[in-house]
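The values are calculated or read from the model by the stated rules, or taken from the named source; none is laboratory data. In this text, all values refer to a predicted model and were calculated from it rather than measured experimentally. For neighbour counting, all protein chains shown are included, and Cβ atoms are generated from backbone atoms with ideal geometry for every residue, glycine included. To get the accessible areas, we keep the full protein, side chains included, count just its heavy atoms, and leave off ligands, DNA and RNA. Shrake-Rupley method; radii C 1.70, N 1.55, O 1.52, S 1.80 Å.
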Amino acid sequence: MAFPDSILTSDEQVVQHLHPHWKSLIVPVFWMIVSIAAVVAAWVLLASWNPVILMVISGLGVVAFVALAFWPWLRWRTTHYVFTNERVIVREGIVSRNGRDIPLARVNDVSFSHGIIDRMLGCGTLTIESAGERGQVVLGSIPHVEKLQSVLYELVEADRERHTFDDADRDAIVKGVREAEA
């Protein structure tokens, strides 16, 4: 499922759009292979059995495939981590959706962690501390987490610079207001 660009503001640009790391699909792929192999083995090895029993075994294989392989893949595919020049957007869910937006101006701290396996696979956990009510958001299985932490830091700093007024900006605003009043 593609990320809907319609939720972006008119001048908002996507800097990074990610799904969880492919390691999230290792177990579902394993179960896909097992469920397919079980159905094929049942049809080959038990061909002389009653066709109804073979259909029941096939049905169980399909149910196992959907529950253990297809559904986790769909959950992975519908999880979006989007980093824009204005905010961090998290969208998750298949039937019911959950979302969270964190404006870059509210980001206080960005940290990452990854163990030895995550380092070998090139992923990790990104923790974003925000000044909002809900505090922090933890994003697991983020690909290239160290690089993403740097990108997010640069986005936050650029956002702060864009919203920081220096004396010249403040004087120009005051001058414009006075001219408008005159």
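Things to note:
- Taking a ≥ b ≥ c as the square roots of the Cα gyration tensor eigenvalues, the range 101-148 comes out prolate, since a/c reaches at least 1.5 and a/b is larger than b/c.
- Here the simple spin-label model places points 7 Å from the Cα toward Cβ, and for SER150 and PHE70 these points are separated by 4.2 nm.
- Counting only Cβ charges, +1 for Lys and Arg and -1 for Asp and Glu, the dipole size of the chain around its Cα centre is about 1140 debye.
- When the solvent-accessible area of the range 1-141 is split by element, carbon and sulfur atoms take up 65 percent of it, the probe being 1.4 Å.
- Considering only SER58, LEU155, THR127, the residue lying farthest towards the positive end of the dipole of the chain is SER58, judged by Cα position with unit charges set on Cβ.
- Solvent-accessible area per residue for the chain (1.4 angstrom probe, square angstrom): 64 Å²
- Efficiency of FRET between ALA38 and SER113 - r from beta-carbon atoms, R0 35 angstrom, step 0.05: 0.40
- Cβ-derived FRET efficiency at R0 45 Å, ASN50 paired with VAL90, nearest 0.05: 0.35
- Sequence-distant contacts, meaning Cα pairs under 8 Å at least 6 residues apart, place the relative contact order of the chain at 20 percent.
- Counted charge near GLN149, where neighbours are those whose Cβ lies closer than 15 Å (Asp, Glu -1; Lys, Arg +1): -4
- Computed from the C-beta positions of ARG77 and PHE30, the FRET efficiency with R₀ = 22 Å rounds to 0.80.
- Choice from SER150, SER96, SER130 with maximal GNM fluctuation in the chain (Cα, 10 Å cutoff): SER96
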